[in-house]
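Down below is the structure, laid out as structure tokens.
Just so it is clear, none of the values below were taken in a lab; they were calculated from the coordinates. Being a predicted model, the structure only gives us computed values, none of them experimental. Heads up, the Cβs are rebuilt from the backbone with ideal geometry, glycines too, and the neighbour counts pull from every protein chain shown.
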């Protein structure tokens, strides 16, 4: 098989290879019971008996992501993600649920008043000598009852504090969800931008390899190069064509990751605008201790852990208060209208009832249940405090690591630019020497591969710098801070 410098040489070779495959090399299709084999062959990987019902599908393309011509900037993508990503909606609804729970606990400060209507009938027979007494009665009447807890030794207050700190903790968890989604979108955006740069580099490398191949063909025709040189040039050309297809696949994969982080289907026709400039390096002038202090003051996950610990402390107070007696007042009012065959001449009469009861309750023995509840609450509070301490240590580690990573990435970008400049100069020099007969094909191909590798290195270093800046911003508790994320 002879390789060609043309556009479809590699594709033709691939088709010849596929067409030469043996039948026994093709994997067999397993037919499941209850599935029509003929219908399953119409759709690849068909399995009609499983999956999500069509009525339950909520994922669909909605405007403005159906516009393939629009180029999205990073702030626009972050704004869409904060509104669309399911994790932010879930965190918000959890906060709403805990806000309602706090309202439930606050409602216990007030009495409970209930009203109702009672209706019924009665038949009474009393056999007495020498006659028989029978009474048939119908009655109906409104009722009103009030119950109020007068004394509970602090259990209501402790329950309210527990609910309040739970709500505060979830509010900060919601803020953390916003930051996590923002970081995920930024990383996906920068990765897609890096994949686009790599695709452009792969296209340039392929064009350069094709130019070398054509130049070598001219030299072979003139008797200035050998057929071996031409074969090596063609081999290098197909290698870069292969790399180009891989770069295109990585762009598609990165686009799917970005769309998913936004909360839209991965097949959305999403196009991004490249970042405007590079991240500012002014943050590197700050001392790392100052960044750690900033993180302690800004990180919502630390605030969430702190309030979760306070909620556990309130649960200890609640468990302690439940060990003491309670005093409850119950007040009831009732008027009953009734009619019977023994009623006054008008056939209707009524009766009023009123009651007021004070109830004192105290458990003399419960098998140690409440004492164990106190121990359980104290252990959970201690665990929450340890979790808070672990969170502080984790924040310090993230800030220091993010600072070092950002500083290293900045230096790598400078080094990658110097490497690209040197590789480009070397390739130009080798090309001139090759045309003059001072260098051979191996030297040209080596210089060309080094140049392509240098371009890829710079693209990776640039993407790493953007991601490092976003990671450091997130580590300090920032969302899209100027001077850190390159806005």
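Ranked from largest, the principal axis spans of the Cα set of segment 240-329 equal 83, 41, 23 Å. The Rg/Rh ratio for segment 204-256 is 1.20, where Rg is the radius of gyration of the alpha carbons and Rh is the Kirkwood radius. Going by the alpha-carbon gyration tensor, a ≥ b ≥ c the square roots of its eigenvalues, is segment 105-203 rounded (a/c under 1.5) or, if a/c is not under 1.5, prolate (a/b greater than b/c) versus oblate? Prolate shape, in that a/c is at least 1.5 and a/b is the bigger ratio.
The modelled label-to-label distance for the pair residue 446/residue 94, using points 7 Å beyond Cα in the direction of Cβ, is 5.8 nm. Give the share of C-alpha pairs in each 5 angstrom bin for segment 264-308, from 0 to the last occupied bin, in whole percents, shortest bins first. Calculated over all Cα pairs of segment 264-308, the distribution is 5, 14, 12, 12, 10, 13, 15, 14, 5 percent.
Hey, could you get me the Stokes-Einstein D for segment 70-121, Kirkwood radius over alpha-carbon pairs, 37 °C and 0.692 mPa s, rounded to whole µm² s⁻¹?
It comes out at roughly 211 µm²/s.
The rule of thumb for compact globular proteins, 2.2 N^0.38 Å, goes into the C-alpha radius of gyration of segment 379-451 2.26 times.
Based on C-alpha pairs under 8 angstrom that are at least 6 apart in sequence, segment 270-381 has a relative contact order of 29 percent.
Report the far tail of the P(r) of segment 298-430, meaning the percent of Cα-Cα pairs longer than 22 Å. The proportion of pairs with Cα distances above 22 Å equals 73 percent.
Here the contact order of segment 200-272, divided by its residue count and restricted to Cα pairs under 8 Å and six or more residues apart, works out to 27 percent. Against the empirical 2.2 N^0.38 Å (N residues), segment 361-487 has a Cα radius of gyration ratio of 2.12. In terms of other Cβ atoms within 10 Å, 110, 139 run from fewest to most in the order 110, 139. Ranked for footprinting exposure by Cβ neighbours inside 10 Å, fewest first, 432, 292 give 432, 292.
Note on 372, 338: ascending count of other Cβ atoms within 10 Å places them as 372, 338, the fewest first.
Ignoring solvent entirely, what values of log10 I(q)/I(0) come out of the Debye formula for segment 164-212 at 0.13 Å⁻¹ when each Cα is a single scatterer? Here log10 of I(q) over I(0) equals -0.53. One decimal place: the segment residue 287-residue 415 gains 43.7 nm when fully extended, by the rule 0.36 nm per residue minus the C-alpha distance. Roughly how many whole Å is it from the C-alpha centroid of segment 423-463 to that of segment 138-200? Between the Cα centres of segment 423-463 and segment 138-200 lies a distance of 57 Å. Were the residues from residue 228 through residue 359 laid out at 0.36 nm apart, the gain over their Cα-Cα distance would be 36.7 nm.
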